1. If a residue counts only when it is within 18 Å of residue 687 (Cβ to Cβ), which helices (runs of 4 or more DSSP H) contained entirely in region 430-503 have at least 1 such residues?
2. Please verify whether residue 815 is surrounded by 21 or more Cβ atoms within 10 Å (Cβ to Cβ), assigned by TED's automatic domain parsing to the domain that holds residue 850, more than 30 Å from residue 575 (Cβ to Cβ) and touching a residue at least 40 places away in the same chain (Cβ under 8 Å), treating the condition exactly as stated.
3. Does residue 307 meet the test of being at pLDDT 90 or above, surrounded by fewer than 18 Cβ atoms within 10 Å (Cβ to Cβ) and within 25 Å of residue 143 (Cα to Cα)?
4. Kindly indicate whether any position in region 649-658 is within 21 Å of residue 575 (Cα to Cα), buried (at least 20 other Cβ atoms within 10 Å of the Cβ), touching a strand residue (DSSP E or B) at 6+ places or on another chain (Cβ under 9 Å) and modelled with pLDDT of 90 or more.
5. Considering each of 169, 155, 184 in turn, give the residue that is surrounded by fewer than 20 Cβ atoms within 10 Å (Cβ to Cβ) and under 28 Å from residue 246 (Cβ atoms).
6. I'd like to check something: does region 751-761 contain any residue that is exposed (fewer than 15 other Cβ atoms within 10 Å of the Cβ) and either touching a strand residue (DSSP E or B) at 6+ places or on another chain (Cβ under 7 Å) or not in a helix (DSSP H, G or I) (or both)?
7. Given the residues 721, 684, 677, which is the only one that is more than 27 Å from residue 759 (Cβ to Cβ) and touching a residue at least 40 places away in the same chain (Cβ under 8 Å)?
8. As an exercise: evaluate residue 379 against (1) under 23 Å from residue 348 (Cβ atoms); (2) touching a strand residue (DSSP E or B) at 6+ places or on another chain (Cβ under 8 Å); (3) modelled with pLDDT under 95 and give the number of the one condition it does not meet.
């Protein structure tokens, strides 16, 4: 069924021309996304507006770019115009419509109205970022195994019948763009002639044929493809080992813009050498024997493989619809593309037209193949080439910039990772709502990266390709860690490590007896069993209360009610201590006091504060370090004044926003802290530190689900943030997920200095506030095994015996309850069992408890404590004649 054309201002409809391809009956263009999801990029066009004032509207036939492999996507779209260059620091008139802050899962739930920080956003200028390549040389950054693309036989790519389809024939004159060479009735369209509207000549006939030798060196094999800026020929370089090369000529020598682009390639592209950019070998001229004209050709490297467009279109779902690329694969392509763009930027060049058509994967490498739109950063006069749906919205007003190049990479990532319907019209300059895109809801960090890179204000985007590549690599690490369950840590270029772990003690030490059913009451010199709790009417909660520091829940059962799945209440989170333990932003090496701050050896806040008074000069880093010392000293009022002064002096510095959040969290203004840290997460979606800070904010705000998600992201990606593991276990316990809490604590690696504390907490998480009738055998066995192994990891004797009393006390209650699986109860396994060296029956467990309490008594420091422990040992001692 025909549908309306997607091109703005076109009243035509799409017609099926066979083979599943559809084209508009008026403008001749294909839809951006076909009904079956085929990716079809709009072709390169020139942009209107800018300082130079050149206005060439509607030239759909003079598209830009070459492809070193066959490509059928070179229709022209968009209007024309000139380029005004813009530095990445330029502010667009669209800045008032900036989408930042993203407002993630936490900030969306906050009122955000206090103290004017509801829409806090950060404009980042990383003083130490560089446009040079980072040295990555493997597709996938060592994190992803990418599907290989074998190098095809170049001869197989030669077109048997090279011609430009009629639907792609337009007048190349800039101010015309009329349809030319179209059929009328039974008469086919002419491939050469004159435009009936303006009289400009046109020719769509290849000028070279198989066997022609160009410049006495390059023997033509045939045509590979027709691109926006000319025919592309496959040739053999007879002078250099018969290597395969590509010759690129002009589609229409009467096109002045196309000629200027070719000459620009000749000027500076031959000097570019980068593993991710196609090599330009030579620029030669050849005499056309038919017309007598001297035509120019660019000689470039032949890149065999598949374009990102072809790779994306090959993925199909069972119903035939396009299956988007896995987000980790798309991120790997994006990192490689940013490497190439960063190299161009370091040479003061802008690519301008990155899209799925212009990058080819060859074996395990990605290469940019179309250099026709490349221009110098200081070029204010030549035409700007770009593609609707990929090009940044400020191009017409400000011209291209580093920020606009990064915009095209983000748009390409979006096109690759989900079915981006309407990206050339409805969503031409924005992203769909994340609630409607599955990859956005699953990977929030990936969404935030795209939002920052496509911000309407170029000043709020990433400052360089290297910075965006670093953050994209961080997002990739997170995605891969979530998918595989294996951490992918890396050193941060922005934050130091977490200073300390302040919340390792998840449970208070028990001061009561560890067995509710096994203790006996002291009646003079005789010991008798503790009385059972009174019988309860059906449906009433049990009075056998929980141990101190626990919360309990009840559930109605046949014949009464009993506590089940109670949630142990551990030690409360100290938000101020947790805030001051967060990673500290690294010192800017360009700061005047960088060397002075690196030499500070004092560890106490008061000593640091005093030493800062001797700084040689005032600077932002000195103020930030002084602010931190004030927070550690508890001087909240002085710190508040310091934050206000820094905010006024450096409103776009992300570190000021970070310290504002730190001050707010330390002083109890939790919503302000959440909004500040959320803004830093917007700016650096690949960094763990902002997510850890947001987890703390969510926890103190009572949003346990959000807190658990942020802690999970950090801990899954980077196990050096051990505080995230303890915090995740804490919120899971509070939410009733005992199994998840234990699993998290037991995932702390042996290499961590907090391994022992994590295992101690895991033992208590298994057993605290467990009902005696629960199926405890597996947890008792696992807990006992942990206690025995902890002796090899430095667990002191006191804590070992305390843990032993908890395990043995829980086991005694379980045995006395006669629950299923307990010795003497239904379903008990045959054969003797032991637990911490004691038989798993009432007599053996009582002897074990007595032994542990007597050891604790010998180790006690105070006399009254020793007496109490001996009394407990006697209460649990089994009845004997001795």
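The values are calculated or read from the model by the stated rules, or taken from the named source; none is laboratory data. Everything numeric in this text was worked out from a predicted model, so none of it was measured. We place every Cβ from the backbone using ideal geometry, glycine too, and count neighbours over all the protein chains shown.
1. Of the helices (runs of 4 or more DSSP H) lying wholly inside region 430-503, those with at least 1 residues that are within 18 Å of residue 687 (Cβ to Cβ) span 444-453, 465-484.
2. The answer is no for residue 815.
3. So residue 307 fails the test.
4. yes
5. Matching residue, one of 169, 155, 184: 155.
6. yes
7. 684
8. With respect to (1) under 23 Å from residue 348 (Cβ atoms); (2) touching a strand residue (DSSP E or B) at 6+ places or on another chain (Cβ under 8 Å); (3) modelled with pLDDT under 95, residue 379 is out only on (2).
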